[in-house]
Amino acid sequence: MFRFLYPNEYISSVYEMTAEKIKALGIDTVVFDIDNTLVPYWVKVPDKKLMAYFSSLSKAGIRTAVLSNSKEERSKVFCAPVRMPYVYRAGKPGTKGFKKLMDKIDSVPERTLIMGDQIFTDVWCANRAGAYSVLVKQVSPKDELITAPKRPFEKIIIKMYLRYRRKNGGTYE
Ligand SMILES: [Mg+2]
């Protein structure tokens, strides 16, 4: 039950997804959610550590982009310093925004990984689109009003997922 909501991987922070690990998966494109995946919702731009991480990926030949459900301003301001392509008001878990992004950066879902902090938007979108889904622990316990009510349901799904993974010999912890 609810297998369609299970991520391929569940990690504590985006930094665990090193260029090496990504390439070993046969993936050449990483699509990020912004809010509570990369930074808390009130932080406008990437910090130095994030900048260094992004450049470690691009140096390894991995394309990076942003897929956000927020307004244009959010992605525009965040992506400007790193010149990262983005699609805003993406409508995740719908896949239209994701497809638009794939066309924009000339990538395919089969070689793309989506990293996000929400099961009902990011993970579900990735799974539907046939991309590799990576759930990241939220960087801040503070959520926007629209997100907070979904968290208790997410916790239930995460518990089920972890139980499933224990039973079936999950590769990652
Ligand atoms: Mg988010």
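For M115, only one of the following conditions fails: (1) within 11 Å of the ligand (Cβ to nearest atom); (2) surrounded by fewer than 18 Cβ atoms within 10 Å (Cβ to Cβ). What is its number?
Here M115 clears every test but (2).
Here are D103, D122: which of them is among the charged types (D, E, K, R), part of a helix (DSSP H, G or I) and either surrounded by 23 or more Cβ atoms within 10 Å (Cβ to Cβ) or touching a residue at least 40 places away in the same chain (Cβ under 8 Å) (or both)?
So the residue among D103, D122 that is among the charged types (D, E, K, R), part of a helix (DSSP H, G or I) and either surrounded by 23 or more Cβ atoms within 10 Å (Cβ to Cβ) or touching a residue at least 40 places away in the same chain (Cβ under 8 Å) (or both) is D122.
Here are P40, P7: which of them is closer than 21 Å to Y161 by Cβ, within 16 Å of the ligand (Cβ to nearest atom) and not aromatic (F, W, Y)?
P7
Which of the residues that make up the stretch 1-49 are farther than 21 Å from E72 by Cβ, part of a loop (DSSP other than H, G, I, E, B) and touching a residue at least 40 places away in the same chain (Cβ under 8 Å)?
M1, F2, Y6, P7, N8, S12, S13, M17, L25, G26, I27, D28, listed by residue number.
Every residue in the stretch 115-164 that is touching a strand residue (DSSP E or B) at 6+ places or on another chain (Cβ under 8 Å) and basic (K, R), please.
The one that is touching a strand residue (DSSP E or B) at 6+ places or on another chain (Cβ under 8 Å) and basic (K, R): K137.
Every residue, every condition in (1) under 20 Å from S12 (Cβ atoms); (2) modelled with pLDDT of 95 or more; (3) more than 16 Å from the ligand (Cβ to nearest atom), yes or no:
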{"residue": "G94", "(1), (2), (3)": "no, yes, no"}
{"residue": "K100", "(1), (2), (3)": "no, yes, yes"}
{"residue": "S107", "(1), (2), (3)": "no, yes, yes"}
{"residue": "R111", "(1), (2), (3)": "no, yes, yes"}
{"residue": "C125", "(1), (2), (3)": "no, yes, no"}
{"residue": "K142", "(1), (2), (3)": "yes, no, no"}
{"residue": "L145", "(1), (2), (3)": "no, no, no"}
{"residue": "E154", "(1), (2), (3)": "yes, no, no"}
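List the number of the failed condition for P149; all other conditions in (1) surrounded by fewer than 10 Cβ atoms within 10 Å (Cβ to Cβ); (2) outside any helix (DSSP H, G or I) hold.
P149 satisfies every listed condition except (2).
Give the residue, chosen from R89, R74, that is closer than 20 Å to K150 by Cβ, assigned to a helix (DSSP H, G or I) and within 16 Å of the ligand (Cβ to nearest atom).
After applying the criteria, what remains is R74.
So, in the stretch 127-137, exactly how many residues are assigned to a loop (DSSP other than H, G, I, E, B) and within 13 Å of the ligand (Cβ to nearest atom)?
Residues meeting the conditions: 1.
Give me the pairs: first residue in the stretch 147-173 and closer than 20 Å to P40 by Cβ, second residue surrounded by 14 or more Cβ atoms within 10 Å (Cβ to Cβ) and modelled with pLDDT under 90, beta-carbon distance under 7 Å, and six or more apart or on different chains, which are they?
If the second residue must be surrounded by 14 or more Cβ atoms within 10 Å (Cβ to Cβ) and modelled with pLDDT under 90, the pairs left are R151/D143.
For the stretch 163-173, what are the residues that are part of a helix (DSSP H, G or I) and in contact with an Asp or Glu (Cβ under 9 Å, 6 or more places away or on another chain)?
R165 - this is the single residue of the stretch 163-173 that is part of a helix (DSSP H, G or I) and in contact with an Asp or Glu (Cβ under 9 Å, 6 or more places away or on another chain).
For N69, work out the one condition from (1) out of contact with any strand residue (DSSP E or B) (no Cβ under 7 Å at 6 or more places or on another chain); (2) among the polar types (S, T, N, Q); (3) more than 16 Å from the ligand (Cβ to nearest atom); (4) within 25 Å of D47 (Cα to Cα) it doesn't fulfil.
The number of the failed condition is (3).
The values are calculated or read from the model by the stated rules, or taken from the named source; none is laboratory data. All of these numbers come straight from a predicted model, not from anything done at the bench. Positions of Cβ are backbone-derived with ideal geometry, glycine not excepted, and every protein chain shown enters the neighbour counts.
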